[in-house]
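Engineer: For reference, the structure I am asking about is given below.
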Amino acid sequence: MAAGFGLELLVGALMFHAYGAYVVLLRKEFGWSKTMLSAAFAMARAESGILGPLQGWLTDRFGPRLLIWIGMVIFGVGFILFSQITSPLTFFLTFFLMALGSSLGGFLPMAVAIVAWFRRRRTLALSITGTGMAVGGLLTPVVVASLTRIGWRWTAFLSGVLVLAAGLPLAQIVRHRPERYGLRPDGDLPEFVTGAGLFDRAAPALARSADFTAREAIRTPAFWYISLGHGSALLVVSAVLVHAVVHVTERLGYSLAQAATVVALMTGMQITGQICGGWAGDRYEKRAIAAGCMVGHAAGLLLLAFATAFWMVLGFAVLHGVAWGMRGPLMSSIRADYFGSTSFGMISGLSSTIVMLGLIGGPLIAGVLADRTGSYQGGFSILATLAALGSIFFVLARRPRRPGARGF
């Protein structure tokens, strides 16, 4: 979990939460449109979705450590090259590398490891790992200070060096399945006797035989409902990552430092939500929690869209941050609960091809409508409505029957 926390922190602080600030400075230097900058983010997310099944298979086959190590190398080199861009083409190419690296070395391979090592407190373990991304947001003011004092090029270059210096050692810590090391999930003793009177050494094989294969999973309605609900949430998340800072500075007239404060508050609320969601997800119905979070996403984005005072912007940060934090770990946890851990990487990778529609659509809808109307209100309102309606998908996502337990 510690390695996952650190890796997520690097990606969150240096890229995801910082991208909005980079957008402001790139627009000033090059005059690029919101649509173009949104397209770059959308392209990067499309790449992660398209490569998701392959990444998931590779992680299940070779383990997460190798994928994370390769990802961190690509991520760091991509940042260094990004510091030298001079045209839209070089911007797209280097950002593609950064996105590819952050995906290969990001949450999916870490989630594969976490799901294999934890069962009883799986949601809490995923939430602690994911909290690294949120804590990275707390460092946004530091990144913004660097951007304003030494410039975005030097900040990008030093970010690449930091990724290589810290990310590669963290990757070495990651382990795949506990059984390979003579251990059991949750730290259980290998000779533990189950209620059925069987030695628990046989339990992993028995559990794996009941897990879904990727082919079996995609035949269940639950797979599609979870994926569509997840994608609906990311309509809002991705739009906020790309456009919130631009909206707060250019449209609402606040400074970049004030915008960074909003991001930091949002991230603080995300951390709170992560912890609460991790605790609640292991005890209560995950579908109900996720559906409620969708309403929080929608309400927060509407507050931001129609903000006329700074307290409304802060209200957005609280609502969206808590909803994002609580819902985040539930997405992987509910898939593991429903489909098991054996093919978790492949199943998550296949799901990402659907989830990416939200990652692509959010920034593009907001960016295109903002360029055409001069306001984010229309785009944000549409995305908020779609997110609220997306709660229905989680309500419908009931647990499927185990393979071999289906009736004829």
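The values are calculated or read from the model by the stated rules, or taken from the named source; none is laboratory data. Quick caveat, the model's predicted, so the values are computed rather than measured. Because the Cβ atoms are built from the backbone with ideal geometry, glycine has one as well, and the counts that use them run over all protein chains shown.
Engineer: Taking region 263-313 only, how many residues are in contact with a Gly (Cβ under 6 Å, 6 or more places away or on another chain) and either basic (Lys, Arg) or free of Cβ contacts under 8 Å to residues at least 12 places away in the same chain (or both)?
Structural biologist: Total satisfying the criteria: 0.
Engineer: Does Leu51 qualify as being part of a helix (DSSP H, G or I), aliphatic (A, V, I, L, M) and at pLDDT 80 or above?
Structural biologist: Working: part of a helix (DSSP H, G or I): yes; aliphatic (A, V, I, L, M): yes; at pLDDT 80 or above: no.
Considered against the rule, which asks whether it is part of a helix (DSSP H, G or I), aliphatic (A, V, I, L, M) and at pLDDT 80 or above, Leu51 comes out as no.
Engineer: List pairs: first residue in region 216-228 and assigned to a loop (DSSP other than H, G, I, E, B), second residue surrounded by 19 or more Cβ atoms within 10 Å (Cβ to Cβ) anywhere in the structure, Cβ distance under 7 angstrom, at least six positions apart or on different chains.
Structural biologist: If the second residue must be surrounded by 19 or more Cβ atoms within 10 Å (Cβ to Cβ), the pairs left are Ile218/Leu350.
Engineer: Condition first: among the small types (Gly, Ala, Ser) and either in a helix (DSSP H, G or I) or on the phi < 0 side of the Ramachandran plot (or both). Now tell me which residues in region 240-278 satisfy that.
Structural biologist: Ala244, Ser255, Ala257, Ala259, Ala260, Ala264, Gly268, Gly273, Gly277, Gly278 - these are the residues of region 240-278 that are among the small types (Gly, Ala, Ser) and either in a helix (DSSP H, G or I) or on the phi < 0 side of the Ramachandran plot (or both).
Engineer: Quick check on this structure: which one of Ala99, Ala111, Ala125, Ala116 is surrounded by 20 or more Cβ atoms within 10 Å (Cβ to Cβ), part of a helix (DSSP H, G or I) and in contact with a Lys or Arg (Cβ under 6 Å, 6 or more places away or on another chain)?
Structural biologist: Going through Ala99, Ala111, Ala125, Ala116 in turn, the sole match is Ala116.
Engineer: Restricting the search to region 329-348, which residues are part of a helix (DSSP H, G or I), crowded, with 23+ Cβ neighbours inside 10 Å and over 13 Å from the mean Cα position of the chain (by Cα)?
Structural biologist: Looking only at region 329-348, we keep the residues that are part of a helix (DSSP H, G or I), and these are 329-339, 344-348.
Right, trim to crowded, with 23+ Cβ neighbours inside 10 Å and you get 329-336, 339, 344-348.
Hits for region 329-348 are Ser333, Ile334, Arg335, Ala336, Phe339, Phe344, Gly345, Met346, Ile347.
Engineer: Another question about this same structure. Across region 329-345, what is the total count of residues that are at pLDDT below 85 and of a type in the set (Val, Ile, Thr)?
Structural biologist: So the count comes out to 1.
Engineer: Moving to a separate point now. On the given criteria, is Thr94 of a type in the set (Ser, Thr, Tyr), more than 27 Å from Ala244 (Cβ to Cβ) and out of contact with any Lys or Arg (no Cβ under 6 Å at 6 or more places or on another chain)? Let's see the steps before the verdict.
Structural biologist: On the way: of a type in the set (Ser, Thr, Tyr): yes; more than 27 Å from Ala244 (Cβ to Cβ): no; out of contact with any Lys or Arg (no Cβ under 6 Å at 6 or more places or on another chain): yes.
Criteria not met by Thr94.
Engineer: I would also like to ask the following. Go over the candidates Ser83, Ser87 one by one and state the one that is within 20 Å of Phe30 (Cβ to Cβ), surrounded by fewer than 22 Cβ atoms within 10 Å (Cβ to Cβ) and free of Cβ contacts under 8 Å to residues at least 24 places away in the same chain.
Structural biologist: That would be Ser87, the only listed residue that is within 20 Å of Phe30 (Cβ to Cβ), surrounded by fewer than 22 Cβ atoms within 10 Å (Cβ to Cβ) and free of Cβ contacts under 8 Å to residues at least 24 places away in the same chain.
Engineer: Still on this structure, please answer the following. Return yes when Val368 is surrounded by fewer than 21 Cβ atoms within 10 Å (Cβ to Cβ) and part of a helix (DSSP H, G or I) and no when it is not.
Structural biologist: So Val368 fits the description; yes.
Engineer: Going residue by residue through region 64-76, is there one that turns out to be surrounded by fewer than 20 Cβ atoms within 10 Å (Cβ to Cβ) and touching a Lys or Arg at 6+ places or on another chain (Cβ under 8 Å)?
Structural biologist: yes
Engineer: Any residue in region 237-251 that is under 22 Å from Phe107 (Cβ atoms), touching a residue at least 40 places away in the same chain (Cβ under 8 Å) and among the basic types (Lys, Arg)?
Structural biologist: Among the residues of region 237-251, not one is under 22 Å from Phe107 (Cβ atoms), touching a residue at least 40 places away in the same chain (Cβ under 8 Å) and among the basic types (Lys, Arg), which makes the answer no.
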